[in-house]
Amino acid sequence: MIQVKNYIGGEFVTLSEDFDDISPLDFSVIAKVPRTRNVDDAVDAAKKAQPMWGALSIEQRCDWLDKIANELENQIEEIARLESMDTGKPHHVALNVDASRSVNNFRFFADFGRNMESQTFEMSDATNYVVRKPIGIVGLISPWNLPLYLLSWKIAPALLMGNSIVAKPSEITPLTAHFLANICSQVGLPAGVLNIVHGYGPEVGQAIVEHPEIKAISFTGGTSTGKIVAATAAPMFKKLSLELGGKNASIVLEDADLDVAVPGVLRASFLNSGQICLCGSRVLLHSSIYDEFMERYLQELKSFEIGPVISDEHRSKVVSYIDLAKQEGGNILAGGNIPDKVGAWIEPTVISGLSHTSRTATEEIFGPVVTVHPFDSDEEAIEMANSTQYGLAGSVWSKRKGREVAEKIDSGMVWVNTWLHRDLRVPFGGVKDSGVGREGGMWSLGFFSEAVNICVMED
Ligand code: NDP
């Protein structure tokens, strides 16, 4: 049994109140997690540490990010083991997606920081230059689907820009955040620079968002929670970055190379049991290739390995959408059942025959459930893709028209003939109800700093 602890001011702290961390693989209790209700101690520690941390040079902070990356890399198998135990995902996904990308996040921002160029704007009689100052203390809140990957995506740039941090991972997946705290302690990261607190969202998460000394909130999670975060933080004029839900379309045009499109769309449908905000949960198929695509897609699905979903409660939500799909007139082409074994398992499910405006096809399910819809023209596909409240991501599969169609999709990110191919320098984020702001590369550094202009008059 692992005892998860808060990491505050460089110390590991237990609390008198704990709750259970339950494995979705078999519902066993794998850890005890402290139930934190306020963040005053973490904020005090962060406040003490920030002036020293903010006074280091960018190069010195880059060296710290590299130290963390190196130690994470040395223990990459352990990260994968913990992540797989906590989320139920197959080991190869935990290793190749979660663990390796967590290392990359620290490594990338260290390199990016070293190569950051200063900005100047010349006038005929003066020079403007831009100084990027730390914000101070920042609050980072992350979800359960890619626990360390998404938390490190925030921690690395926040540290790089000289901030101190109060971070909260999801209550359901605390193990790798606790592991990261151990790594930071081992490498000797100065006390109080990174503080990690555990507990329930409406308690400790809300306490972070409400705390007046925390000046910026970077939040990744559901759209309904994002509304609460925004409503709480806005009156205090906190900087806000909200990475929220999605209902992304994978669009297969009539000229797609099906050897590429079938495995690509399948991966977009079901990687991580469909629990990635970027997953393509709506498959839009040109009617001329519909039958051939579906035959190959359903065939390849039989050998696609997925884990359980994150919890029994989440599985109930997924099942309720499969029931809704049946009520809405959908045909279950594959899956739809709960396998006869312990754990939060559910078969990957493919549903046809639904209107693209049905609730099943427009609300975020965040599980291994995909709806399939035929279309007859590019215009119709674009209209269908854009017909939800969300606008996070999408993919277009075509030999000739990919870019043209991609530019008409109202989403923050669109891939052409690929999916989840990530360059960490590019803007990441959603439009419409999928979020506010962008992270990634310079966008992350912009969010986690205050850009100040100094205008110097020439003699
Ligand atoms: P939630 O919104 O339920 O939770 C996200 C985080 O917020 C958790 O740490 C949660 O804590 C915390 N939280 C809950 N209530 C509050 C509150 N009142 N104040 C502050 N924090 C709070 O999302 P899930 O964890 O269920 O994650 C799934 C969602 O995340 C999906 O909608 C998915 O699309 C989205 N997502 C978006 C991504 C993007 O980049 N756009 C990437 C990945 C996921 P606790 O767990 O303890 O409740």
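Points worth noting:
Residue-wise test of (1) away from the ligand (no atom under 16 Å from the Cβ); (2) of a type outside the set (Phe, Trp, Tyr); (3) under 22 Å from Val416 (Cβ atoms).
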| site | (1), (2), (3) |
| --- | --- |
| Ser355 | yes, yes, no |
| Ser358 | yes, yes, no |
| Thr362 | no, yes, no |
| Val369 | no, yes, no |
| Asp378 | yes, yes, yes |
| Ala381 | yes, yes, yes |
| Gln389 | no, yes, no |
| Trp397 | yes, no, yes |
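- Number of the condition not met by Ile217 [criteria: (1) open to solvent by less than 10 Å² (accessible area, probe 1.4 Å); (2) in the same structural domain as Glu380 (by TED's automatic domain parsing); (3) β-branched (Val, Ile, Thr)]: (2)
- Filter pass, Ala167 being within 16 Å of the ligand (Cβ to nearest atom) and either of a type in the set (Gly, Ala, Ser) or in contact with a His (Cβ under 9 Å, 6 or more places away or on another chain) (or both): yes
- Any hit, the stretch 284-302, residues being in the same structural domain as Ser377 (by TED's automatic domain parsing), open to solvent by less than 10 Å² (accessible area, probe 1.4 Å) and either within 23 Å of the chain's Cα centre (by Cα) or under 30 Å from Val138 (Cα atoms) (or both): no
- Tyr149 at pLDDT 95 or above, aromatic (Phe, Trp, Tyr) and in contact with a Lys or Arg (Cβ under 7 Å, 6 or more places away or on another chain): yes
- Gln60 meets the conditions (1) among the polar types (S, T, N, Q); (2) without any contact (Cβ under 8 Å) to a residue 12 or more places away in the chain; (3) outside any helix (DSSP H, G or I) in every case but one. The failed one is (3).
- Test: residue in the stretch 319-329 that is part of a loop (DSSP other than H, G, I, E, B) and either away from the ligand (no atom under 16 Å from the Cβ) or touching a residue at least 24 places away in the same chain (Cβ under 8 Å) (or both): yes
- Residue within the stretch 201-223 that is out of contact with any Ser or Thr (no Cβ under 6 Å at 6 or more places or on another chain), more than 15 Å from the ligand (Cβ to nearest atom) and assigned to a helix (DSSP H, G or I) present: no
- Of the residues examined, Ala99 is one that is open to solvent by less than 40 Å² (accessible area, probe 1.4 Å) and touching a Phe, Trp or Tyr at 6+ places or on another chain (Cβ under 9 Å).
- Just so you know, in the stretch 224-264 the residues that are assigned to a loop (DSSP other than H, G, I, E, B) and small (Gly, Ala, Ser) include one that is nearest to the ligand (Cβ to nearest atom), and it is Gly245.
The values are calculated or read from the model by the stated rules, or taken from the named source; none is laboratory data. Given the structure is predicted, the values throughout are model-derived calculations rather than measurements. All Cβ positions, glycine included, derive from the backbone under ideal geometry; neighbour counts span all protein chains shown. Just so you know, the surface numbers come from the protein's heavy atoms only, side chains and all, with ligands and any DNA or RNA stripped out. Shrake-Rupley method; radii C 1.70, N 1.55, O 1.52, S 1.80 Å.
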